[in-house]
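Just below is one structure, and these are the notes that go with it.
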Amino acid sequence: MKKNQIVLLVIITVFVSSFSTEISLSQSAKDIMVKVKKVAKESFSTSIQRIKLSSCKYTVSNKRIVCKEEARNKLLESIAKNYGDNDQDSRSVSIIIDPKKEQGVGMLTYEYGELGKDNDSWIYLPELSKVKRLASNKDSNDNGGSFFGSEFSLEDMEDLKIDEYTFKILGEENYKGRDTWVIEYIPTAERAKKSKYSKTVSWIDKERYISLKKNLYVRGDHYKQLTMSKVEKIDDVWVARKLTMNNLDTKTISIMKMVSVAFNQEVSDEFLTPRTLEDYTFRERNLTRLRNNLK
């Protein structure tokens, strides 16, 4: 074989090998995220959580984040239920129980596994005695689409719809003692019309298939960072008891602490309706039973 033919063969081999590797990595990235979603959605049917939500403007002192103001604290109770097998639907309701002046403010959300179908969300304000439906598009994330006034947006609280993103493994890292894949996901053209984020980079625990950190980008700029800590296995479910959302643009931080939790309790479909937001007696009758199982 002539020398130039050998060189050409080597170039083709290297190109094909690189191309095959890229495809393999891309496929495995999606497979990993499918398993992450499976762990998150199929490890329990229902959950009840008591959550402390704190937010403040911050400054950085000695490489530590320090609140510049008194933190705004809320105590919530949140109940969720999953439906279906694959791209599951789910319903959740969250109610503020403290501070007293916000007591009874609630949010109800229906998430749909169907590709392209927008979620439905409602908010209840006791002083108005009225349930208001929230917008379920990009505008809701830009204008008031916040989870109870925190840096967690409604989009941040949604489950990931795998087919609305493309995935790529950027590398592997040891993050706080855990071996992780670093995976980038970018919304498809259709998803991009509804999403605030242009890109997400997530650190996925190789053993537990849970996300430990996410960098969220808007128009290419690093906009927010979400970190998950105090990871425990409760009722055979991996959970992060502490979520920290850092808005790098506004220098505002929100911390969501899981005070107590219980999984796989009996929750009726009727409870996950607007009636729970409006009917205090009905809500408390159901919650009293569920609270007994919190741990």
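Going by how many other beta carbons lie within 10 Å of each one, how would you line up Val261, Val39, fewest first? Show your work: numbers first, answer last.
Working: Val261 21, Val39 15.
Fewest to most other Cβ atoms nearby, the residues stand as Val39, Val261.
Run the quick spin-label model on Glu69 and Lys206: label points 7 Å from Cα toward the beta carbon, then report their separation in nm to one decimal.
4.4 nm
Could you tell me the largest-minus-smallest coordinate of the C-alpha atoms of the chain on each of the three principal axes, in descending order and whole angstroms?
87, 48, 36
Going by the alpha-carbon gyration tensor, a ≥ b ≥ c the square roots of its eigenvalues, is region 95-244 rounded (a/c under 1.5) or, if a/c is not under 1.5, prolate (a/b greater than b/c) versus oblate? If you can, show how the numbers build up before the last one.
Values: a/c = 2.09, a/b = 1.39, b/c = 1.50.
Oblate is the answer for region 95-244, as a/c is 1.5 or above yet b/c matches or exceeds a/b.
Taking 0.36 nm per residue of sequence separation and subtracting the Cα-Cα distance, how much length would be gained by fully extending the chain between Lys130 and Val237, in nm to one decimal? Mind dumping the intermediate values first?
Details: separation 107, 0.36 × 107 = 38.52 nm, distance 3.59 nm.
Roughly 34.9 nm would be gained on extension.
Once every DSSP H run of n ≥ 4 in the chain is given -39500 (n - 2.57) and the sum is divided by its residues, what mean residue ellipticity at 222 nm do you get, rounded to the nearest 500 deg cm²/dmol? The partial results should precede the final answer.
On the way: 5 runs with 66 residues, N = 295.
Only helices count here, giving -7000 deg cm²/dmol.
Counting other beta carbons within 10 Å of each Cβ, put Trp238, Trp181 in order, fewest first.
Values: Trp238 16, Trp181 21.
Ranked by crowding around the Cβ, least crowded first: Trp238, Trp181.
For the pair Leu248 and Arg289, what calculated FRET efficiency results from E = 1/(1 + (r/R0)^6), where r is the Cβ-Cβ distance and R0 = 30 Å, to the nearest 0.05?
It comes out at approximately 0.10.
For the residues Trp122, Trp203, what sequence is obtained by ranking on other C-beta atoms within 10 Å, fewest first?
Values: Trp122 17, Trp203 23.
Neighbour counts put them in this order, fewest first: Trp122, Trp203.
Throughout, read-outs are computed from the coordinates displayed, never taken from laboratory work. Just so we're clear, the structure is a prediction, and the values are computed from it rather than from any experiment. With ideal geometry, Cβ positions are generated from the backbone for all residues, glycine too; neighbour counts draw on all protein chains shown.
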